[in-house]
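Visitor: One structure is given below, represented as structure tokens, and several questions about it will come after.
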Amino acid sequence: MPQPVVRVVDLWKEYRENGQVVTQALRGANLEAAPGEVLALFGKSGSGKTTLLNMLAGLDRPTRGLIEIDGKNLETLGEAGRTELRRSRLGFVFQFFNLLPTLTAFENVYLTLELAGKLNPDAARAALERVDLKGKENRYPHELSGGEQQRIAIARAIVKEPALILADEPTGNLDTVTGNQVLELLTERCREAAMSLIMVTHTPLACKHADRILKMVDGVITEDEKCS
Ligand SMILES: Nc1ncnc2c1ncn2[C@@H]1O[C@H](COP(=O)(O)OP(=O)(O)O)[C@@H](O)[C@H]1O
Ligand SMILES: [Mg+2]
């Protein structure tokens with residue numbers, strides 16, 4: 001197997017208040033994702049899915065355990081190295097889209113390229129076209145439907161062709177039909193550019209789109225099954 005894009009070994013995360021451990025959100029999670037692999041992560045609310053994604057993004061640090069992205073140990077990269085990795089190698093899609101309301105569709109996508117040091121407006125336009133938003137580049141988020149807003153977020157995630165896209169309940173705020181279209185678009189774009197995807201989802205249709213299904217229970221990944 002080629003070098004995994006993500007390798008997580010025995011990952012623990014304890015949230016503390018006044019020095020006391022109040023929650024063990026991750027209790028020894030393990031995970032590997034191959035380049036271009038599409039993974040769906042299931043699990044009840046509170047099982048630790050968002051915590052895991054935050055750790056993978058380098059936005060928060062684990063209590064112990066190893067995380068490697070692209071073969072790089074997040075802990076030894078340091079804060080500046082993690083920020084650089086996040087900007088250049090990772091893409092994000094969230095439940096509530098997280099678009100900047102005062103920027104147009106184009107500007108939302110272009111900003112993420114600028115942060116990655118790639119000043120290429122044509123790439124931003126092409127990314128919007130690939131999510132079927134050609135002609136709506138100059139709209140503001142409030143001038144677009146929920147599904148269209150999530151498609152801007154997908155364009156923003158794919159535009160820098162990151163090694164890995166992390167999606168936290170990307171269809172959680174959409175109706176079923178729109179949600180399925182968004183899921184299909186996201187997984188298609190990932191396969192097209194051989195980007196890995198880890199998506200937290202509740203939809204039973206995920207298996208149709210994913211290579212593997214992971215299940216998280218109480219901070220541990222308990223099941224790992226290949227989709228046919
Ligand atoms: N910043 C935080 N401080 C304290 N506890 C937290 C924090 N974030 C999450 N938790 C707790 O950690 C557990 C896992 O939460 P989370 O990762 O958000 O689960 P999921 O995304 O699967 O719903 C929950 O019990 C939650 O209340
Ligand atoms: Mg969550």
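Visitor: Return one quarter of the surface area of the convex hull spanned by the alpha-carbon atoms of segment 1-61, equal to its mean projected area, in nm². Don't skip to the end; give the middle numbers.
Guide: On the way: hull surface 19.5 nm².
With every direction weighted equally, the projected area is 4.9 nm².
Visitor: Turning to a different aspect of this structure: Could you work out what % of the accessible surface of segment 63-191 is carbon and sulfur, using a 1.4 angstrom probe and leaving DNA, RNA and ligands out of the count? Please report the intermediate quantities before stating the final value.
Guide: Details: 2870 of 5940 Å².
Here it works out to 48 percent.
Visitor: Using Stokes-Einstein with the Kirkwood hydrodynamic radius over Cα pairs, what translational diffusion coefficient do you get for the chain at 37 °C and a viscosity of 0.692 mPa s, in µm²/s rounded to a whole number? Kindly include the intermediate steps, with their values, before the conclusion.
Guide: Details: Rh = 17.9 Å.
Answer from the Stokes-Einstein relation: 184 µm²/s.
Visitor: For segment 24-150, take the alpha-carbon Rg, divide it by the Kirkwood Rh, and send me Rg/Rh. List each step's numbers first, then the result.
Guide: Numbers: Rg = 16.9 Å, Rh = 16.8 Å.
Dividing the radius of gyration by the Kirkwood radius yields 1.00.
Visitor: Projected onto the charge dipole of segment 95-228 (+1 at Lys/Arg Cβ, -1 at Asp/Glu Cβ, origin at the Cα centre), which of C227, A124, C207 gives the Cα projection farthest towards the positive end?
Guide: The residue sitting most towards the positive pole is A124.
Visitor: Using the Kirkwood formula on the Cα atoms of segment 115-228, what hydrodynamic radius do you get, in angstrom to one decimal? If you can, show how the numbers build up before the last one.
Guide: Numbers: mean 1/r = 0.0659 Å⁻¹.
The Cα-based Kirkwood calculation yields 15.2 Å.
Visitor: Counting helices only, and only those DSSP H runs with n ≥ 4, report the 222 nm mean residue ellipticity of the chain as the sum of -39,500 (n - 2.57) divided by its residues, in deg cm²/dmol to the nearest 500. Kindly include the intermediate steps, with their values, before the conclusion.
Guide: Working: 7 runs with 79 residues, N = 228.
Taking each H run of at least 4 residues, the total per residue is -10500 deg cm²/dmol.
Visitor: Eight or more residues apart or on different chains, and alpha-carbon atoms under 18 Å: count the Lys pairs in the chain matching that. Intermediate results must be reported in sequence, preceding the final value.
Guide: Numbers: K13/K44; K13/K49; K13/K215; K44/K215; K49/K215; K118/K160; K208/K226; K215/K226.
Lysine pairs meeting both conditions in the chain amount to 8.
Visitor: As an exercise, find the ratio Rg/Rh for segment 108-155 from alpha-carbon atoms, using the Kirkwood inverse-distance average for Rh. Intermediate values should be presented prior to the final figure.
Guide: Values: Rg = 10.3 Å, Rh = 10.8 Å.
Here Rg/Rh amounts to 0.96.
Visitor: Among bridges DSSP assigns within the chain, what percent are antiparallel (round to 5)? Let's see the in-between values first.
Guide: Numbers: 23 of 40 bridges.
Taking every DSSP beta bridge with both residues in the chain, the antiparallel ones total about 60 percent.
Visitor: What distance in nm separates the simple spin-label points at E75 and A34, each placed 7 Å from Cα in the Cβ direction?
Guide: 2.8 nm
Visitor: Right, another one. Could you tell me the relative contact order of segment 29-118? Use alpha-carbon pairs under 8 Å, at least six residues apart, and round to a whole percent. Before the final figure, lay out the partial values.
Guide: Numbers: 30 pairs, mean separation 15.0, N = 90.
That works out to 17 percent.
Visitor: So what is the accessible area of segment 70-155 per residue, in Å², with the probe set to 1.4 Å?
Guide: 51 Å²
Visitor: What ranking, highest mean first, results for peptides 70-83, 114-127, 201-214 when packing means the other Cβ atoms within 10 Å averaged over each residue? Intermediate results must be reported in sequence, preceding the final value.
Guide: Values: 70-83: 13.6, 114-127: 15.4, 201-214: 17.9.
The most tightly packed comes first, giving 201-214, 114-127, 70-83.
The values are calculated or read from the model by the stated rules, or taken from the named source; none is laboratory data. Not measured: the values here are computed from a predicted model. Quick reminder, even Gly has a Cβ in these numbers, built from the backbone with ideal geometry, and neighbours come from all protein chains shown. Ligands, DNA and RNA are stripped out before the accessible areas are found, and what is left, the full protein with its side chains, is counted by its heavy atoms. Shrake-Rupley method; radii C 1.70, N 1.55, O 1.52, S 1.80 Å.
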